[in-house]
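Input: a single structure, listed below in structure tokens.
Computed from the coordinates by the stated procedures, all read-outs in this text should not be read as laboratory data. Quick caveat: nothing in here was measured; it's all calculated off a predicted structure. Glycine also receives a Cβ, built like all others from the backbone with ideal geometry; neighbour counts cover every protein chain displayed.
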């Protein structure tokens, strides 16, 4: 049986030509994609800005600070931020004419961003940040004539801008606090600021004209000043200040309204602790910048000194 099968198989192979199969396997390998992680300040800011800073003028300033520091750094990408890099930035900012106070504000933003990046593993080492010593600066505030000229010019541009200025100068609120005010935050005769620079809410009573400024707002909007765009307001402010001859004064910015409010409180005899609470300063040292404006109160010390000197044994002695 086996011989017969073997013979049949041989006969089949000789008579039938079996096809030849050629198996060609081609392996197509895609190029390896390498993900490059951008570790520049600008990239980190884009990643964490919305987490670290809320919308408002402070975030706008921080955006400019980080952009400037990003442009100064060489190389711009890094895995660790060294002390030499920090010292280089400080020196570069000084060469640009930045005061120590300005440098401190810029480095505060940098420090906050780098600490977040370090926590998330984007940066491996951090430098030691040391606050630059600041000089006591001049406090600029508006007198009554300057207020009248500036506000009248602003009112000709926009009634809403005028209302905002009235509110800021009579409450001492920061620009971002005024713009962020919501209708539920206003209960006559007080306004409450929930989102503040210090992170602590505060309430202040309203003057009659500050209340009128609020009532002029559109109730269909989220707040009394919700129709105002901050950047457009700033541009209008600077144009109006140029028109009344204050264009040369770099200190006449919207924040001067807060200084004016504080100065008027101190000059009017309000004690410094109440002024601190009104402005929402975290430390009394911030409010003490206005204390010199109350120096006229020192006159009351003279009668006391003279009375005490008259009671002393040497009172009758002649003074050479």
Output the Cα-based Rg and Dmax of the stretch 41-119 in Å, rounding Rg to one decimal and Dmax to a whole number.
-> 12.0, 33
Taking R0 as 51 Å and r as the Cβ-Cβ distance between residue 221 and residue 301, the FRET efficiency 1/(1 + (r/R0)^6), rounded to the nearest 0.05, comes to 0.50
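Work out, step by step, the length gained on full extension between residue 133 and residue 272: first 0.36 nm times the residue separation, then minus their alpha carbon distance; give nm to one decimal.
47.6 nm
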Compute the relative contact order of the stretch 127-270 as a whole-number percentage, counting only Cα pairs closer than 8 Å that sit 6 or more residues apart in sequence.
-> 32 percent
Using a basic spin-label model with each label point 7 Å from the Cα along Cα→Cβ, how many nm lie between residue 195 and residue 58?
-> 1.1 nm
The equivalent-ellipsoid semi-axes of the stretch 251-309, taken as the square roots of five times the Cα gyration tensor eigenvalues and listed largest first in whole Å, are 28, 13, 9
For the residues 275, 123, what sequence is obtained by ranking on other C-beta atoms within 10 Å, fewest first?
-> 123, 275
Size of the stretch 77-224 along its principal axes in angstrom, Cα-based, largest extent first?
-> 55, 36, 26
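By counting other Cβ atoms within 10 Å of each Cβ, how are 162, 148, 290 ranked from fewest to most? Walk me through the intermediate numbers first.
Numbers: 162 18, 148 12, 290 21.
Starting with the residue having the fewest Cβ neighbours, the order is 148, 162, 290.
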Rounded to the nearest 0.05, what FRET efficiency do residue 84 and residue 184 give with R0 = 41 Å and r taken as the Cβ-Cβ distance? Could you check?
-> 0.20
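Per Stokes-Einstein, at 20 °C and 1.002 mPa s, what whole-number D in µm² s⁻¹ belongs to the stretch 144-294, with the Kirkwood radius over Cα pairs as the hydrodynamic radius?
So the translational diffusion coefficient is about 135 µm²/s.
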Provide the three semi-axes, in whole Å and in decreasing order, of the ellipsoid equivalent to the stretch 142-199 as defined by the square roots of 5 times the Cα gyration tensor eigenvalues.
-> 23, 12, 10
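Neighbouring Cβ atoms within 10 Å as the yardstick, rank 174, 131 fewest first. Can you show the working numbers first?
On the way: 174 23, 131 10.
In order of increasing Cβ crowding within 10 Å: 131, 174.
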